[in-house]
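Colleague: Mind looking over this structure? Questions follow.
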Amino acid sequence: MDIVLKNIKQLATPKGTTFKRGVEQKDVTILENAMIGIKDGKIAYVGKMDLSIQGKQVIDCTDNLVTPGLVDAHTHLVFGGWRQNELELKLNGASYLDILKSGGGILSTVNQTIKASEDELLDKSKSLLKQMLAHGTTTCEAKSGYGLNLETELKQLNVVKKLNELNIIDIVPTFMGAHAVPKEYKENKEAYIDLVINTMLPEVSKQKLAMFCDAFCEDGIFSPDDTEKILSAAKKLGFETKLHGDEIVSYKGAETAAKLGCISAEHLIEASDDGIKQMAAKNVIAVLLPATSFYLDKGFARARFMIDNNVPVAIATDFNPGSSPNFNMQFPMNLACLKYKLTPKEALTAVTLNAAAAIKKSNEVGSIELGKKADIIIWNAPDLNFIFYKYGNNLVSKVIKNGVLKK
Ligand code: IZC
Ligand code: ZN
C-alpha cells in the first residue's frame, strides 16, 4: 500500500454509490480499531486491523476518528471583493433583498468580479481552496453568477477550470448566469433571460465549462416560470439542473425543482409541505444551508420533516461574500445537529454521500469503500459525536486527498 491508516479509534462512513433517504440516512457504518489501505489514489483496503498489510507510509490513528472527506455541494467560490460594508446596513434593519434592490448584494459582487482580472480571481480562490482543504473539504461545487455578462461568466468558469487543474480540491462547475438580473436589464428581465438562454448557455456548453445549470428562483429575482424556461433550455443542451429556491419567501422553489426533475433544490427554508413531498417523489436532493439561515437571521429549513418525508438531505456551506462568508463545513455541521435536530449519523451522510450525490459524484467519493477515491479526514476527535458537539475551532488533524497526505 502507499499509505496505511492503522489502529483507527473509530471509522465512520456511509456506504453506497447513491444518496440515502428517510431512515437510511442514518445508516452509517462504525468500525473500532480499524485499518484503511490506500493505493494509487484509491481505497484498497478497509476493515479490521490486519498486521499483514504493509504501507510505505503508516499513520497511527489510535486517538482519532476517521471519516470520508467532506463534500461541499454548494459554493459561490470565485468572486471579486467582499461585502463587509453590508454588515452595518444589516444591523440597521436592511434585509438581503432590500440591499440587492438598492444595487448592492449580489450586484456589488458582480461589479467587483467584472473589475477583477482572471489572474486575481485565480490567486484569491486558490488561497480559499487551500483553506477549505485544511478544514476538511475534499470536493466542492462552484457556481458562476457574478458576471451576468458572457465575458465575465466565462472568466469565472475558466478560473474554476484552472483551479481544477491544480488538484487541490476537485471542483464541479455550475453555470449560474440566472443569479440576478444585471442593472442594465433592470427594466427588461425578458431580454436578460434571452441572453442567458440563447447566448450564454450555448457558449458555456460549447466550451464544456459547466456540468450543472442553476437559477435563483426567488420573489423579485426569477419566477418559477422564468426558472423553468432557463433550466429547460439548459437540459436540452445536456446540463444537469439545480435551483436556489424558497430561500427568502415561499415561492414554489421545491415544486419547480420536482416538476423539472432537478438533481437538487437548495436553501428551501420556506419550502411548502407539498413541495417537499413532490421532491421526494421525484428523487430531488435537498441541499440545505444552515450557515446562511444563521447569517441572515432567518428561520431554518425543516430538515427533520424532509428526512421523515423521504427527501435525501445534503448540507453545504453556501460559501459566498454576502449571505454566508464561511467556507468551513464544520460550522453547518454543528448547526445541522443543533438547529435541524439531525443526528450525527444523519448529518455525516448529509456532508459526504448525499452531498456527493447532489453533484453527481457519489460513485467516486462520499464514502470510505473499496475503489472509491482516497479522500479521507483524520480528526482531532475520538468519535463521531465529538465533531458535531464541539465547535468554533478546526477539528481536522490530517487530510488525505486523492491518496496523498495534504495536511
Ligand atoms: O452573493 O448573495 N443567495 N445567492 C443567493 C447568494 C445568496 C449569494 C450572494
Ligand atoms: Zn447559493
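Colleague: Over 13 Å, how big is the tail of the calculated P(r) for the stretch 184-250, in percent of all Cα pairs?
Modeller: Working: 1382 of 2211 pairs.
Of the Cα pairs, 63 percent sit more than 13 Å apart.
Colleague: Sorted from largest down, give the three principal axis spans of the alpha carbons of the chain, whole angstrom values.
Modeller: If we take the Cα atoms of the chain, the spans are 70, 45, 44 Å.
Colleague: For the stretch 99-182, take the alpha-carbon Rg, divide it by the Kirkwood Rh, and send me Rg/Rh.
Modeller: Details: Rg = 13.1 Å, Rh = 13.2 Å.
So for the stretch 99-182, dividing Rg by the Kirkwood Rh gives 0.99.
Colleague: Shifting gears a bit: Which order results if Lys339, Lys373 are arranged by neighbouring Cβ count within 10 Å, fewest first? It would help to have the intermediate numbers written out before the result.
Modeller: On the way: Lys339 16, Lys373 23.
With the sparsest Cβ surroundings first, the list reads Lys339, Lys373.
Colleague: Let me ask something else. Write down the Å³ per residue value for the convex hull defined by the alpha carbon atoms of the stretch 26-181.
Modeller: Numbers: hull volume 26.8 nm³, N = 156.
Hull volume over Cα atoms, normalised by residue count, gives 172 Å³.
Colleague: Still on this structure, I have one more. Based on Cβ point charges of +1 for Lys and Arg and -1 for Asp and Glu, what charge dipole magnitude is obtained for the chain about its Cα centre, in debye rounded to the nearest 20?
Modeller: Details: 49 positive and 48 negative charges, 222 e Å.
For the chain, the charge dipole is close to 1060 debye.
Colleague: I want to check the label-to-label distance for Met49 and Asp27. Put each point 7 Å from Cα in the C-beta direction and report it in nm to one decimal.
Modeller: So the label points at Met49 and Asp27 sit 3.0 nm apart.
Colleague: When only Cα pairs under 8 Å and 6 or more residues apart are kept, what is the percent relative contact order across the stretch 258-401? Before the final figure, lay out each step's value.
Modeller: Values: 234 pairs, mean separation 26.8, N = 144.
Relative CO of the stretch 258-401 lands at 19 percent.
Colleague: Roughly what % antiparallel, to the nearest 5, for the DSSP beta bridges in the chain? Intermediate results must be reported in sequence, preceding the final value.
Modeller: Numbers: 26 of 61 bridges.
Of the beta bridges lying entirely in the chain, close to 45 percent run antiparallel.
Colleague: For the stretch 1-87, calculate the relative contact order in percent as a whole number, restricting contacts to Cα pairs under 8 Å that are 6 or more residues apart.
Modeller: Working: 142 pairs, mean separation 34.4, N = 87.
The value is 40 percent.
Colleague: If Rh is defined by the Kirkwood formula over all Cα pairs and Rg also comes from Cα, what ratio Rg/Rh do you get for the stretch 251-407?
Modeller: Details: Rg = 15.7 Å, Rh = 16.1 Å.
Radius of gyration relative to Kirkwood radius: 0.97.
Colleague: Compute the separation of the alpha-carbon centres of the stretch 28-98 and the stretch 147-174 and state it in Å as a whole number.
Modeller: What the calculation gives is 21 Å, centre to centre.
Colleague: Still on this model: Over the chain, what is the mean sequence separation of C-alpha contacts under 8 Å (at least six apart), divided by residue count, expressed as relative contact order in percent?
Modeller: Working: 1000 pairs, mean separation 91.2, N = 407.
The value is 22 percent.
Colleague: Using modelled backbone amide H atoms (1.01 Å from N, in-plane), which distant-in-sequence or interchain residues come within less than 5 Å of Thr241's amide H?
Modeller: Amide H neighbours of Thr241, under 5 Å, 5+ apart: Cys213, Ile263.
Colleague: With +1 on the Cβ of every Lys and Arg and -1 on the Cβ of every Asp and Glu, and nothing else charged, how large is the dipole of the stretch 357-407 about its Cα centre, in debye rounded to the nearest 20?
Modeller: On the way: 9 positive and 4 negative charges, 48 e Å.
Dipole size: approximately 220 debye.
Colleague: Just to check, using Stokes-Einstein with a Kirkwood Rh over alpha carbon pairs, what's the diffusion coefficient of the stretch 203-317 at 10 °C and 1.306 mPa s in µm²/s?
Modeller: Working: Rh = 14.0 Å.
Calculated translational D: 114 µm²/s.
Colleague: Oh, and also: Of the options His244, Pro224, Gln207, report the single residue whose Cα projects farthest towards the positive end of the charge dipole of the stretch 203-260 (beta-carbon charges: Lys, Arg +1; Asp, Glu -1).
Modeller: The residue sitting most towards the positive pole is Gln207.
Colleague: Just the Kirkwood number for the stretch 364-407, please: inverse of mean 1/r across all distinct Cα pairs, in Å, one decimal. Could the numbers behind the result be given before it?
Modeller: Working: mean 1/r = 0.0867 Å⁻¹.
For the stretch 364-407, inverting the mean 1/r across all distinct Cα pairs yields 11.5 Å.
Colleague: Can you tell me the dipole magnitude for the stretch 1-148 around its Cα centre, using point charges on the Cβ only (Lys, Arg +1; Asp, Glu -1), in Debye to the nearest 20?
Modeller: Values: 18 positive and 17 negative charges, 55 e Å.
Dipole size: approximately 260 debye.
Colleague: Determine, for Leu148, Leu122, the number of other Cβ atoms within 10 Å of each Cβ, and report the residues in order from fewest to most.
Modeller: Ranked by crowding around the Cβ, least crowded first: Leu122, Leu148.
Where a number appears in this text, it was derived from the coordinates with a stated rule and is not lab data. Just so we're clear, the structure is a prediction, and the values are computed from it rather than from any experiment. Positions of Cβ are generated from backbone atoms using ideal geometry, with glycine treated the same way; all protein chains shown enter the neighbour counts.
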